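The values are calculated or read from the model by the stated rules, or taken from the named source; none is laboratory data. Here the structure is a predicted model, which is why all the values come from computation and not from measurement. So basically every Cβ, Gly included, is an ideal-geometry build from the backbone, and we count neighbours across all protein chains shown.
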Amino acid sequence: MPGELHGFNVAEPATATNPQAWVAVNQFPAGERAATAGRLRRLGFTGGVREDLAWAAPSAPGSGPPAAAGLSIVEQFHTPAGARSELTAELPALEPGTPITVAGVPGASGYSSSGGGQDFANVLFTSGPDLYLVGAEWPTTFKGKMSVQYLVTAVQREYQRTHR
């Protein structure tokens, strides 16, 4: 929702209603698409929505890529067990890093890390048959503009809004 992740604007979402379309929408590398689509099919994937988030303050002309980027994803499965299994399958891709704790969101798992002048943070959680991912990357110079705590707050808000 607008304003849920501090500093970011929402964008037009991309959707898919089957595993093959989802791995394309979600930009999986070509070599991983068949295996990922197969796993999603076995787990009962029924659809997904991906929303790329843009940093609200525009970059100066000629200054290169946007200062920060965010991502909000929801994947829906036939059962809560399918969503939890996919969380377990996706979590290793977020490592290594410092574990992120999200108070009030049972089973939320994520990591933050830094490198190359950027900070990164991603959190996964389930709510009923849905799996959510909220993530962001931003320059380490953004002290006070963006932080892991802002991402945690966004996860807590999304969980409160979507909890089943």
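The residue of segment 119-154 that is surrounded by the most Cβ atoms within 10 Å (Cβ to Cβ), among those that are of a type in the set (D, E, K, R) and in contact with a Phe, Trp or Tyr (Cβ under 6 Å, 6 or more places away or on another chain), is D119. Does V102 qualify as being touching a Ser or Thr at 6+ places or on another chain (Cβ under 6 Å) and surrounded by 12 or more Cβ atoms within 10 Å (Cβ to Cβ)? Considered against the rule, which asks whether it is touching a Ser or Thr at 6+ places or on another chain (Cβ under 6 Å) and surrounded by 12 or more Cβ atoms within 10 Å (Cβ to Cβ), V102 comes out as no. Select from segment 75-90 the residues that are touching a Gly at 6+ places or on another chain (Cβ under 8 Å) and either buried (at least 20 other Cβ atoms within 10 Å of the Cβ) or at pLDDT below 95 (or both) and list them in ascending order. Listed by number, the residues that qualify are E75, F77, G82, A83. Among the conditions (1) in a strand (DSSP E or B); (2) without any contact (Cβ under 8 Å) to a residue 40 or more places away in the chain, L71 misses just one, which is (2). Against the test of being more than 14 Å from the chain's Cα centre (by Cα), of a type in the set (A, V, I, L, M, F, W, C) and under 25 Å from T36 (Cβ atoms), the options A103, A67, A81, A108 yield a single qualifying residue, A81. Is at least one residue of segment 149-163 among the polar types (S, T, N, Q), farther than 30 Å from G44 by Cβ and touching a residue at least 40 places away in the same chain (Cβ under 8 Å)? Yes, because at least one residue in segment 149-163 is among the polar types (S, T, N, Q), farther than 30 Å from G44 by Cβ and touching a residue at least 40 places away in the same chain (Cβ under 8 Å). Against the numbered list (1) at pLDDT 95 or above; (2) of a type in the set (G, A, S); (3) over 12 Å from the mean Cα position of the chain (by Cα), A121 comes up short only at (3).
Scanning segment 155-164 for residues that are surrounded by fewer than 20 Cβ atoms within 10 Å (Cβ to Cβ), of a type outside the set (D, E, K, R) and either outside any loop (DSSP other than H, G, I, E, B) or modelled with pLDDT of 95 or more (or both) gives Q156, Q160, T162.
Mind listing just one residue for me: the one in segment 1-42 that is in contact with a strand residue (DSSP E or B) (Cβ under 6 Å, 6 or more places away or on another chain) and free of Cβ contacts under 8 Å to residues at least 40 places away in the same chain and, of those, surrounded by the most Cβ atoms within 10 Å (Cβ to Cβ)? Residue satisfying both the conditions and the ranking: P19.
Are any of the residues in segment 43-64 exposed (fewer than 12 other Cβ atoms within 10 Å of the Cβ) and not in a loop (DSSP other than H, G, I, E, B)? No: segment 43-64 contains no residue that is exposed (fewer than 12 other Cβ atoms within 10 Å of the Cβ) and not in a loop (DSSP other than H, G, I, E, B).
When segment 1-23 is filtered for residues that are of a type outside the set (S, T, N, Q), modelled with pLDDT of 95 or more and not in a strand (DSSP E or B), the ones remaining, listed by number, are P19, A21, W22, V23.
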